Each structure stands twice: as C-alpha cells, then as structure tokens.
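Working notes, beginning with the structure itself.
The values are calculated or read from the model by the stated rules, or taken from the named source; none is laboratory data. Predicted model, so just to flag it, every value in this text is computed and none were measured. Glycine also receives a Cβ, built like all others from the backbone with ideal geometry; neighbour counts cover every protein chain displayed. Remember, those area values only see protein heavy atoms, side chains included, never the ligands or the DNA or RNA. Shrake-Rupley method; radii C 1.70, N 1.55, O 1.52, S 1.80 Å.
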Amino acid sequence: MKPTLAAAVLLLVPSAGALAATQPTPVALTHIRIIDGTGAPPVEDATIIMQGNVILAAGKDVVIPKGTKILDRRGDTALPGLISDHSHVGQFSGVTVSPGFYTAPVITDALAQYRRYGVTTVTALGNNIPAIFDPLRKQAHDGHLPADLFGVDKGIGVPNGAPPIDVGKDELNRPTTPAEARRDVDQMAADGTDLVKIWVDDFGGSLPVKMDPAIIAAVIDESHKLHLRVAAHIHDLDDARRVVADGADILAHGVRDQPVPAAFIESLKSRGIWYIATLQLDEATTAWADPAPWTASPFVQAGLSTPLRAQIGDPAWQKANSTGPRADAARRSLAMNLRNLKALYDGGVQIGFGTDSGAMPLRVPGIAEHRELALSVQAGLTPLQAIHIATQNAAHLLHLTDRGVIAPQMRADLLVVAGNPATDISHTDNIVETWENGTATAGPVTAAPNGEQ
C-alpha cells in the first residue's frame with residue numbers, strides 16, 4: 001500500500017545527515033521580498049537559502065555560507081509554491097476529452113505545465129486509473145516528476161448520473177447499492193487513495209438522478225472507518241447541507257445557487273469542514289468566448305495548446321459559447337460563488353484552494369490557479385489572504401506539514417515573481433522562475449530577473 005499523506009511527507013524531507021553527506025551547493029536568493037504564506041506582511045530585502053530540496057534559512061540578517069551560489073533577486077518576490085487541492089490529470093488533449101488520454105506522458109506533460117505556472121503540488125481529485133496513477137504518484141513523491149502529485153484513486157459517481165463524462169472502466173465506480181459502495185471504498189483504501197471523492201448532484205438538472213442518500217451515507221461511513229476523508233462534488237446549498245449532515249470532510253466546489261445562511265457557515269466552521277470554491281470553473285465557461293481581456297495576455301497564451309488557441313479564436317465558437325442558458329447560468333453561479341466565498345471566509349470557515357483545472361480543456365492547468373487568485377481578490381479577500389489560502393491553507397487541507405510556507409526545513413518549493421503581489425495580485429503572473437523540490441524552472445513567459453552574481 002502507498003504511504004499515507006503524513007508518511008509521504010516524512011519521506012520527502014531528508015535528514016541533516018543526508019544533506020551533509022551529499023553536500024549539494026547551497027543557493028541563496030538575495031535582496032528578495034518574502035511573502036511566507038502565513039498571511040503575515042511581506043519581509044523586505046530578505047534572503048532565502050536552499051540546499052538540495054530544503055530551505056535552510058529565510059528572512060533578514062541571514063548569514064550566507066561560503067561557497068553558496070548567489071542569485072540577486074532585487075525587486076522580486078518569493079511566495080511558496082502554489083498547492084492545488086482540486087485538479088484533474090489525464091482527462092484531455094488539445095480540445096478533445098477522452099479516457100484514452102489517461103497515460104503517463106499526458107499526465108507528466110500536465111504536471112510540467114502546472115510547474116511552469118508555479119503550482120508545485122497537484123491533487124487529482126478523481127477519475128484516476130490506479131494502475132497508472134499510483135506509480136506516477138510515487139515517482140512524484142520521490143522527486144522524479146515536474147510537480148508533486150496526490151489524489152483520489154477512481155472516485156464514486158452515480159449510474160446514469162454524475163459525473164457526465166466518458167471515463168474508462170478503471171477510472172470511476174458507480175455503485176448501485178450501499179454494499180457496493182462500501183466495497184468500492186474498501187478497494188480504494190487498499191489501492192492507497194489519499195481521499196475519497198463523491199459526485200452527488202444532478203449538474204443543474206441536466207442529469208436524470210442524484211446520488212442515492214443511502215449511498216452517500218455508506219461511502220462516508222466506510223471511508224471514516226478506514227481513516228479516509230471524503231470530498232463531495234456539489235453545486236447547490238441543499239446538496240451541500242446533505243453531505244455535511246452525513247459527515248463529508250471537504251466541499252470540493254462552492255455553493256452557487258443561493259447565499260449561504262449563517263447556520264450553514266457555523267456548521268462548516270464548528271465541524272472543521274473544508275471548502276474549496278473553484279471560482280474559475282464557472283469563469284472559464286464564458287471567459288474564453290467573451291473573450292475576457294486577461295485571455296489575450298502573453299502569460300495566458302503561452303499555456304494554451306494549438307487546438308485550444310484555434311478553438312477560442314473562432315468567431316462562431318465564441319458566439320455559441322458566450323450566449324445562451326449555459327453561459328447565463330455560469331455567470332450567475334460565478335457571482336454567487338464570489339459572494340459566498342467572502343461570507344464563508346469572514347465566518348471563519350477553512351478555505352482550501354482549487355479550480356477543477358484539467359477536468360475540461362477550458363480549465364487550463366496553471367492558468368486557472370492564477371485566475372483563482374485574482375477572483376479571490378475580486379470576491380473581497382486581500383492579496384495576502386488569497387495567497388495564504390493557496391499555500392499554507394491548501395497544505396493544511398492535505399495534512400501536509402512540509403510545504404506551503406517559506407521557512408527553515410520546509411520543502412524548497414517557491415514561486416518567484418517580479419513585483420509585489422501583496423499590493424497587486426496580478427504580479428503573481430510576472431513569473432521569474434519556479435522552484436520545486438530545490439530545482440529551478442523558468443516560467444511560461446519569464447520576467448527578466450534583476451541580475452545574479
């Protein structure tokens with residue numbers, strides 16, 4: 001069985017003895033602004049020292065060891081690498097969704113794209129084939145893939161219902177009885193899944209059925225017996241209330257049909273239930289067709305496949321996808337999601353970070369996460385609050401204690417950008433470089449660093 005999340009963390013952090021034995025050359029980012037991920041104000045003119053895959057020191061008045069490689073990042077800002085709590089891999093290529101794309105090369109390419117955009121930890125929340133996903137996850141934990149990878153083996157959907165996508169026979173369970181659901185959970189646990197995912201709703205009435213309440217209860221009960229947490233796909237408040245009452249641990253999407261009442265907010269807070277808004281999901285439904293100004297930026301265009309670029313540039317496609325009931329529903333859902341995120345954040349609910357990127361071609365890996373930051377600020381959060389959600393909070397949701405914060409003995413996962421995202425969240429798009437597990441990679445459109453020595 002694959003290690004648990006907590007055990008995986010221990011495997012990733014080398015001992016002091018191991019570091020001394022290998023003696024990789026330390027690297028110092030000097031004169032850099034640090035946004036450490038905790039929500040604290042930035043530290044100006046600071047230094048970060050990394051050795052191997054670990055941060056040795058971070059802050060002001062740091063003593064730089066002899067022989068350290070010094071990179072002057074004057075005017076730049078270091079954030080922790082972004083952490084996605086809700087994404088998908090291997091679902092499509094170009095603009096075509098097919099189970100045939102669930103392959104190691106496609107998934108590795110997706111992780112490389114996430115990494116270029118500063119997303120250093122990815123959670124694939126369902127529709128994963130264990131025979132392919134589990135070896136890749138181990139490779140990622142061992143530092144052999146572009147980004148670290150966690151997720152849900154398969155997942156649990158509804159016969160003739162959600163999720164309404166074509167998946168391979170080994171990608172999804174659709175139990176018909178509570179007993180079948182329990183067996184599915186048992187098999188997922190045996191395969192070493194990090195979480196359990198359920199799709200409970202009818203996608204706005206577009207599907208004939210929702211998940212049987214008895215199956216919801218059985219999945220959650222069996223998962224908890226096996227010390228697994230359950231993330232639920234929801235859209236409406238009523239479905240969210242149902243899964244919360246049954247003991248779900250994570251709402252994998254925001255409530256988008258009506259304002260969340262105070263009692264619901266208190267229920268999530270008192271039970272310690274995590275909430276992932278996935279604001280960008282609904283934005284992506286119409287933004288490419290409108291098209292929104294941000295879609296034309298070089299930063300965004302660099303992350304688009306040739307087929308997707310051709311599709312979204314087609315006037316006929318734009319017209320068909322910018323108007324009509326589906327587009328109107330997406331805009332309403334986004335507006336409600338923005339409102340509810342602010343209410344839940346202000347109410348003290350634990351907020352995770354995710355976008356449903358990678359599930360469909362318009363939800364572009366990496367780009368979606370940067371848009372989620374911008375939308376969180378649009379909802380009324382400060383840039384530092386949005387960054388905190390995407391870093392330390394996102395790590396806490398996954399029970400990961402070795403990342404999400406820039407501090408000694410944490411993983412050397414960084415997003416280095418030109419400018420100051422604490423005052424303008426769009427500066428997170430000015431990527432100078434990303435660091436994952438102590439290795440640097442240029443961004444999709446690399447901002448010129450301010451010199452090195």
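Output the pairs from Lys154/Lys319; Lys60/Lys269; Lys210/Lys269; Lys225/Lys342; Lys138/Lys169; Lys169/Lys210 with a Cα-Cα distance over 31 Å in this structure; if there are none, say none.
The answer is Lys154/Lys319; Lys60/Lys269; Lys225/Lys342.
Over the chain, give the accessible area per residue in Å² for a 1.4 Å probe, as an integer.
Result: 37 Å² of accessible area for each residue.
How would Thr382, Thr401, Thr295 line up by accessible area, probe 1.4 Å, largest first?
Result of the area sort, largest leading: Thr401, Thr382, Thr295.
If you stretched the chain out fully between Lys269 and Arg331, how much longer would it get, using 0.36 nm times the residue separation minus the C-alpha to C-alpha distance?
19.6 nm
If we count every other residue with Cβ under 14 angstrom of Met410's Cβ, Lys/Arg +1 and Asp/Glu -1, where does the sum land?
Within the 14 Å Cβ shell, the charges total -3.
On the first, second and third principal axes, largest extent first, how far apart are the outermost C-alpha atoms of the chain in Å?
Largest to smallest, the principal-axis extents are 66, 50, 44 Å.
Give me the accessible area of Met410, 1.4 Å probe, in Å² rounded to the nearest 10.
My reading of the accessible area for Met410 is about 30 Å².
Among Leu207, Gly67, Ile32, which residue has its Cα furthest toward the positive end of the charge dipole of the chain, with +1 on Lys/Arg Cβ and -1 on Asp/Glu Cβ?
Gly67
May I have the extent of the alpha carbons of segment 223-345 along their three principal axes, as whole Å values ordered from largest to smallest?
Over segment 223-345, Cα extents along the principal axes are 50, 30, 22 Å.
Can you give me the C-alpha center-to-center distance between segment 35-113 and segment 176-235, rounded to a whole angstrom?
Using only Cα atoms, the two centres lie 32 Å from each other.
Under a point spin-label approximation (7 Å from Cα along Cα-to-Cβ), what is the Ala302-Gln409 distance to one decimal in nm?
Distance between label points: 3.6 nm.
Carbon and sulfur: what percent of the chain's accessible surface (1.4 Å probe)?
Roughly 56 percent of what the probe reaches on the chain is carbon or sulfur.
Subtract the Cα-Cα distance of Ala292 and Thr423 from 0.36 nm times their separation in residues, and report this length gain in nm to one decimal.
44.9 nm
Go through 34-40, 223-229 and give me the packing order, highest mean Cβ count within 10 Å leading.
34-40, 223-229
Can you give me the C-alpha center-to-center distance between segment 244-321 and segment 331-388, rounded to a whole angstrom?
Taking the Cα centre of each part, segment 244-321 and segment 331-388 sit 7 Å apart.
With a 1.4 Å probe and all protein chains in place, put Ser206, Ser322 in order of accessible area, largest first.
So, going from the largest accessible area down, we get Ser206, Ser322.
Restricting to the chain, compute how many DSSP beta bridges are antiparallel as a %, nearest 5.
The answer is about 50 percent antiparallel.
Which sequence of His31, His427 reflects their accessible areas, 1.4 Å probe, from the largest down?
His31, His427
Restricting things to alpha carbons, find the Rg to Rh ratio for segment 108-201 using the Kirkwood radius for Rh.
For segment 108-201, the value is 1.01.
Label points 7 Å out from Cα along the Cβ direction at Thr176 and Asn160: separation in nm?
Roughly 1.1 nm, to one decimal.
Take the Cα of Ala131, step 7 Å along the line toward its Cβ, and report every residue of segment 161-182 whose backbone nitrogen sits under 19 Å from that point.
Under cut-off, by backbone N: 167-174.
If I model a spin label at Ala190 and His224 as a point 7 Å from the Cα along the Cα→Cβ vector, what separation in nanometres do I get?
So the two model labels end up 2.5 nm from each other.
Which FRET efficiency, nearest 0.05, do Lys66 and Thr441 yield, Cβ-Cβ r, R0 35 Å?
After rounding, the FRET efficiency stands at 0.80.
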